[in-house]
1. Go ahead and estimate [θ] at 222 nm for the protein assembly as shown from helices alone: -39,500 (n - 2.57) per DSSP H run with n ≥ 4, summed, over the residue count, rounded to 500.
2. Hey, could you get me the Stokes-Einstein D for region A:80-229, Kirkwood radius over alpha-carbon pairs, 10 °C and 1.306 mPa s, rounded to whole µm² s⁻¹?
3. For region B:8-77, just list the percent of Cα-Cα distances falling in each 5 Å bin from zero outward, please.
4. Greater than 28 Å separation of Cα atoms is the criterion. Which listed pairs, A:K195/B:K79; A:K106/B:K79; B:K49/B:K118, meet it?
5. Which number comes out as Rg/Rh for region A:135-187 once both Rg and the Kirkwood Rh are worked out on C-alpha atoms?
6. What is the gain in length, in nm to one decimal, between A:A153 and A:S111 on full extension, counting 0.36 nm per residue of separation less the C-alpha to C-alpha distance?
7. How far apart, in nm, are two points set 7 Å out from the Cα along the Cα-to-Cβ line at A:E26 and at B:M61?
8. Simple spin-label model, 7 Å along Cα-to-Cβ: B:L50 to A:S140 in nm?
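Just so it is clear, none of the values below were taken in a lab; they were calculated from the coordinates. Worth saying up front: this structure is predicted, and the values here are computed from it rather than measured. All Cβ positions, glycine included, derive from the backbone under ideal geometry; neighbour counts span all protein chains shown.
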Amino acid sequence: MSTTTTTASPNEAQLWGGGKSPFSSEYGKVMMWYFLMSDAFTFGAFLISYGTVRFSTNGWPNSNEVFRSFPFAPEGVHAPLVFVSIMTFILIISSVTMVLAVHAGKNMDKSGVVRNMILTIIGGIAFLSCQAWEWNHLHSEGAWWGMNPFLNADGTASTTNFTNFFFTITGFHGFHVFSGVLINIIMLIMTLLNKFEQRGHYLMIEKAGLYWHFVDLVWVFVFTIFYLL
Amino acid sequence: MSHSHTDQEAHNAEAMAEIKKVTIILSVFTIIELILGFWMISLTSAALKLAIKGTIVILMMAKAFYIVAYFMHLKHEVKNLIMTIVVPLMLFVWFIGAFLWDGNSFRNLRNDYNPYFKEQATIKVEKKEEGHGEKHEVESKHESVEQSKETTKPEATPYY
């Protein structure tokens, strides 16, 4: 069953000889990897264009002055980084529960898959709710595509590039989280309908897991670049 | 039969230990990033800020590595598969370097040859809540909705 052998060189020679998968991985999983690679270039292009525009401009808003609000905080309370760190930890934790779901799937542990998928979905919805609140708050301050109420860190007038990039990139990431939640809900329903028990494997959970981790991975970059740098 | 069963259990324990380890690493790195971010708020030295930003980028790359290698399990895949993923991503080295260089060069060019662009970066703008400034540029597109609210729109029309 297992294709791994301890001696590498004869294995290497026969790897492409046919009769077995040279990647010893399932087709759908390999294709998910290639999809994620193309998606990484899409996000990379977005973030690099943000960097290029920022480098070509003399001033830029200070993220600690822009993202300083917190739900239910009284007026005038400024808490830079606090809200976004909560969002970051929500996504990290939902990523961990996804790993646990994949792990349970490998052991054919249906109840473990169901429990961890539910937790992952809750984490995804919590993240989306946080983002919805943040967008709504920024919009109430006058920020939107084409509208930038914030000044540069040095007090000079800022362009709309800042808000355009912020809403486009976090929006594109939020859309990925949204589709990830949908995929996870479908996976949960399929698990509950015993689809994977009938197939004899939980590979679909692994593929959904790859996508979900990628969403977390992109947030690592978006969070660092927009809120910390 | 019992032998393979204990093998399975040992493998499970190993996998769980790995998940735990990576979770702790990701959390600790994130906390360090946040501490550096909080520290940076009060700093004024540009060189120190740049050093901290460099550290944050390194931590970001380390987090990305742990997510891809362990959570996405790439480290446990066959070497051929790893290479087909990692080698194309090497394009990012050029992508980031070339484009940031280009952006920086464009700023320098504009500061050298475009006096208006350079001047814009020296004019301080008052926030709206502190009274109207001397500029009377009106952004007709948004004024009807936005003027009534307590918005803090800059008075000058910025130059892109």
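1. Result for the protein assembly as shown, helices only: -23000 deg cm²/dmol.
2. Numbers: Rh = 16.6 Å.
Rounded, D is 95 µm²/s.
3. Percent of Cα pairs in each bin: 3, 15, 20, 18, 13, 10, 8, 6, 3, 2, 1, 0.
4. A:K195/B:K79
5. Radius of gyration relative to Kirkwood radius: 1.18.
6. Taking A:A153 through A:S111 to full extension adds about 10.0 nm, to one decimal.
7. So the two model labels end up 3.4 nm from each other.
8. The answer from the label model is 4.0 nm.
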